[in-house]
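Coordinate-derived values only; no laboratory data. The model shown is predicted, which means the values in this text are computed figures rather than measured ones. Here the Cβ is made from the backbone with ideal geometry for all residues, glycine too, and neighbour counts use every protein chain on show.
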Amino acid sequence: MGKSTKTCYSTNIFTVMGTIFAVIFIISILSNALLIVVVLLYENWKNVTTIFIMNLAVADLIFTTTLPFWAVYFLRHWVFGSFLCQGVKALYFISVYSSVLILTALSVDRLILVIKKPKDSFRRKYVLGTCAAAWLIGIIASSTKAITVEKTEWDRIYDCELHPYVDSGYYAEVSLLFLLPFIITVFCYTGIIVTVFKRSVRRKFRSVSMMFCIVTVFFFWQGPYIIALIVGHLYEPTECWKQDRKNVILVVCHGLAFSHCCMNPLLYMLSQKMRKHLYRLCRCEARQTRNPERGGQSTSVVQNVFYLTTNFAVNRTDNESRNVTLQ
């Protein structure tokens, strides 16, 4: 949001938000990196939920890389040049648009899971295809948006914002990439709740509840910011106190929307399964393996390698003995 175009505003709110963005960056980079490590070590990579989690974590990390730039921007002004102005905005839109579409696909998948149990192979192909499409659409949409971003100067202070004019394409894009996915998501989870109470499939509902929280947090964190942006484009006050109030609302909604990148890992860690994985990571345990001698206990990487090599050597010796006997 532009600071230089305002004839009067409170600098305190921008200073506070710049500091908050720096804190969000630290929390997000640590929590999302930890989530990715835990998922890679202890989860089945072919699992549909795992694929969704990984894609959302990557989107959050991409978003997180832009936070230092926003922190400096709010604390001072845009000092990074026109190229980074467009690049940072592009990364921001890629992350947001991809997250919206992936979460929408996640909602559809949860509805299908509750209504009927599809084959895992079909779900996996569906998830991989929808995630790839979400990233592609996000990249294309963000590219067109980044073109409309410019670095402007006013009284030796630089802004990095969209062009001041807004046409019908802006509202069409917001409708297609936010409002429509939101409507689809509400429809899906309404269907899930109705199905659960009709069939009493409580076990499946437990597997859906965490994803429902993640989707809800995202849309309710991003929603106020999207609405504030649209209202801000349509309404430009002339009185100083109204401008100041508008700036405060935009900045608060901005901070709320940006904080979503560190919410997903925290929500994941609330689940019992993820807490167990985190506990195992703290104890430096490897992935659980099942073998006849250890009965499915957790083993270290060295023990796993030793068992596999020993078992391979024994099998090879047995095969050679059989060949000698046959000869």
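Couple of notes before you dig in:
- Exceeding the 25 Å Cα-Cα cut-off - candidates Lys46/Lys198; Lys125/Lys198; Lys116/Lys276; Lys46/Lys273; Lys119/Lys273; Lys46/Lys116: Lys46/Lys198; Lys125/Lys198; Lys116/Lys276
- Look at the alpha carbon pairs under 8 Å that are at least 6 residues apart: their mean separation over the length of region 14-154 gives a relative contact order of 31 percent.
- Mean separation of Cα contacts under 8 Å, 6 or more apart, over the residue count of region 11-283: relative contact order %: 25 percent
- Per the Kirkwood formula applied to alpha carbons, region 11-283 shows a radius of gyration over Rh ratio, Rg over Rh, of 0.99.
- Among Thr144, Thr49, Thr65, a tally of other beta-carbon atoms within 10 Å of each Cβ gives an order, fewest to most, of Thr144, Thr65, Thr49.
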